[in-house]
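One structure is given below, encoded as structure tokens.
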Amino acid sequence: MKFPYCQHRHSTPDPKSPALEIQGLGVSYSSEGKFALRDFDISVPAGSSLALVGPNGAGKSTLFKAICGLLPIRKGRIRVFGHPLVACHHRVVYLPQRSEIDWYFPVSVLDLVVMGRYVYLGWFNRPGRRDIEIARHALKEMNVLDLVDRQISKLSGGQQQRVLIARALTQNADLLLLDEPLNAVDVSTRQTVAEVLHKIKAQGKTVIVATHYYNQEEGRYDKAIYLKDGQKCII
Amino acid sequence: MHYLTDPFQYEFIRRAVVAAVIIGVLCAALGTFVVLRRMAVVGHALTHSALPGLVIAYLMGGSLFAGALMATVLTALGIGFLARDENVYEDTLVGMVPNVMFAIGILLISTTKSFRDLFSMLFGNILGVTEGDLHLIMLISAVSLMALFLFYKELKLFSVDPNYAKTIGIRVKFMHYGILLFLSFTVVVGIQAVGTVLTNALLVIPVAAARLLTERLGVMMVLSCIFAVLSAVGGIYVSYYFGSASGASIVIFAALIFGLAWIARNLSFPRKRVLKPDTRRSSESIN
């Protein structure tokens, strides 16, 4: 089976390998610019959860973007389930910060969530009944099924976050990279997100959450790593 | 009634109306993405950049279509290429390139000492569409609309969340250049109707009007097409009965529809805030 958009073959995860293994990673936004992330090592076992804690600009989003191929790697290597990046596109889902999405584009919540299925459809195929069913199920899980026909421009911050997580769920990935999912959201969204993350983990999936304040989430993750100025730091 | 049917006794009017309908549909359909992706200024740049191509083709006795197409495609790709240099802002290029291209066009036409043909290049002459032009308009429109239909799903994703599109393996550079290429095709077709100066209006105004009335993408595209066709055909009638310039009449007609849509929106949703697109989009990553 081939991955429809980039024609790479699907690779079966290596059961002995960690979900994510990074060695000596160096990433920068331009080819000669300053490293936004340097000498970064990490190994995240499959089925675990990790909090990536650090202030804004610490390199959390940079790390996520490098893992899902949005930024070129200048140094070091990244392996996902024992394979180089391109082999595992579909197994990794990146949930961007809300500000990276054009919420004024005229599509409905269902349209946006179904986009999580595109990775399986590829060019020219339209989402079918099954894809819509999966999207509705994800919305239900996030307790926002009632918003299914609403335009994305009409969502509150918490609703936007729930819808984005629903889209991430529809991709059915094994490694979830969530960038500030709990930033500026209401208490009930916070609770739903926590429950869903717990459920995902129980399914054997790996979750990495970037957050800039950790106190409230303490204890929910198997491990926490602190980032500062593009490097791991010990507190 | 005969006011509506009278013009149809002339072959050139029938041809113009068919051309107007096709051009209207194409401009509105592609214009929807141009407006929603905040690319209206790029459309403006491309329309103005067609002029030197038109003039060179005219001077050499070649096809005006081919000339315009070459000039706009080169400009589109050129802007995309130059914008890769971080020290040159894309919006600066978009502001600069059309002026330079326009100046080259004017400079070239001034060597001929005949400004008569320049008028139809600048402001369009849909009543002068020939059989051959019509076939070319049909071909370009069919290809462009087909591409829009085939890549609709990816265009939506690329517009809402380009980073996610990239993570699932869609080549966003390919999408970006693709949009510019088909925008060039549309511009060249639009020039036939309303000229280089006014084509951007046909890309933008019907969509802007539709955006006031609906927030559904599909409905917006259909409404935009209807508005564009109404403007184009309405403009032809005005031009026929009052002897006014066809391109300008079409654009004024579109503006009137926008005015009506604005009134309709404010009468029916007096308390609703009109959606304001944010300007942050231009920072999206295409690397």
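Since every read-out is calculated from the coordinates, none of them should be taken as a lab result. Remember, predicted model here, so these are calculated numbers, not experimental data. As a convention, Cβ positions derive from the backbone with ideal geometry for all residues, glycine included, and neighbour counts pool all protein chains shown.
Counting Lys and Arg as +1 and Asp and Glu as -1, each charge on the Cβ, what is the dipole of chain B about the Cα centre in debye, to the nearest 20?
That gives chain B a dipole magnitude of about 840 debye.
Mean projection of the alpha-carbon convex hull of region B:168-223 over all orientations, in nm²?
5.1 nm²
Explain nothing, just the number: relative contact order of chain A, from Cα pairs under 8 Å at least 6 residues apart, as a whole percent.
29 percent
Hey, fewest Cβ within 10 Å first, where do A:T12, B:T75 land in order?
Final ranking by Cβ density, sparse to dense: A:T12, B:T75.
What aspartates and glutamates sit close enough to A:K75 to cross-link, taking a C-alpha to C-alpha distance under 12 Å and skipping anything fewer than 8 places away on the same chain?
Cross-link targets: A:D39, A:D41.
Among DSSP beta bridges whose residues both lie in the protein assembly as shown, state the antiparallel percentage, nearest 5.
50 percent
Averaged across the residues of B:147-160, what count of C-beta atoms belonging to other chains lies within 10 Å of each residue's C-beta?
Rounded to a whole number, the mean comes out at 4.
Within 10 Å of each Cβ in A:150-156, how many Cβ atoms from other chains are there, averaged over the peptide?
2
Of A:K154/A:K199; A:K16/A:K232; A:K140/A:K228; A:K228/B:K166, which ones are farther than 31 Å apart at the Cα?
Cα-Cα > 31 Å for A:K140/A:K228; rest within.
Could you work out [θ]222 nm for the protein assembly as shown from helices alone, using -39500 (n - 2.57) per DSSP H run of at least four and dividing by all its residues? Round to the nearest 500 deg cm²/dmol.
-18000 deg cm²/dmol
Would the protein assembly as shown count as rounded, prolate or oblate if I go by the C-alpha gyration tensor, calling it rounded below 1.5 in a/c and otherwise prolate when a/b exceeds b/c, oblate otherwise?
Cα axes put the protein assembly as shown in the prolate bin.
Apply the Karplus curve 6.51 cos²θ - 1.76 cosθ + 1.60, θ = phi - 60°, to the phi angles in region A:173-182 and return the couplings in whole Hz, x for Gly and Pro.
7, 9, 10, 10, 10, 10, 8, 6, x, 10
State which helices in chain B qualify, where a helix is a whole DSSP H run, it must extend 24 Å or more along its own axis by its Cα atoms, and its mean Kyte-Doolittle hydropathy must be at least -1.0.
B:11-36, B:40-60, B:64-82, B:90-110, B:131-150, B:172-213, B:217-242, B:246-268
About its Cα centre, how strong a charge dipole does the protein assembly as shown have in debye, to the nearest 20, once Lys and Arg get +1 and Asp and Glu get -1 at the Cβ?
Approximately 960 debye in magnitude.
Let me make sure I get this right: for chain B, a, b and c are the square roots of the gyration tensor eigenvalues over alpha carbons, sorted descending. Under 1.5 in a/c it's rounded, otherwise prolate if a/b > b/c, else oblate. Which is it?
oblate
Can you give the relative contact order of region A:7-123 as a percent, counting alpha carbon pairs under 8 Å and 6+ residues apart?
Reported as a whole number, the value is 30 percent.
Quick check: pseudo-label points 7 Å beyond the Cα along Cα→Cβ at B:M96 and A:Y29, how many nm apart are they?
Inter-label distance under the simple model: 2.2 nm.
Which FRET efficiency, nearest 0.05, do A:K140 and B:Y152 yield, Cβ-Cβ r, R0 22 Å?
So the FRET efficiency works out to roughly 0.25.
Which one of A:A168, A:I152, A:S188 has its Cα pushed farthest toward the positive end of the charge dipole of the protein assembly as shown, where Lys and Arg give +1 and Asp and Glu give -1 at the Cβ?
Farthest towards the positive end: A:S188.
Test of understanding: ordering B:R37, A:R74, A:R126, B:R14 by Cβ neighbours within 10 Å, fewest first, what list do you get?
A:R126, B:R14, A:R74, B:R37
Going by a ≥ b ≥ c, the root eigenvalues of the Cα gyration tensor, does region B:97-183 fall in the rounded group (a/c under 1.5), the prolate group (a/b larger than b/c) or the oblate group?
It is oblate, given that a/c is not under 1.5 and a/b is not larger than b/c.
Would you list A:L175, B:L148, A:L52 from fewest to most Cβ contacts within 10 Å?
B:L148, A:L175, A:L52
So if we plug the beta-carbon distance of A:S17 and A:D222 into 1/(1 + (r/R0)^6) with R0 = 25 Å, what FRET efficiency do we get, rounded to 0.05?
0.90
Once the piece of chain linking B:A255 and B:V88 is laid out straight, how much longer is it, given 0.36 nm per residue of separation minus the C-alpha distance between them?
Stretched out fully, the B:A255 to B:V88 stretch lengthens by 56.7 nm.
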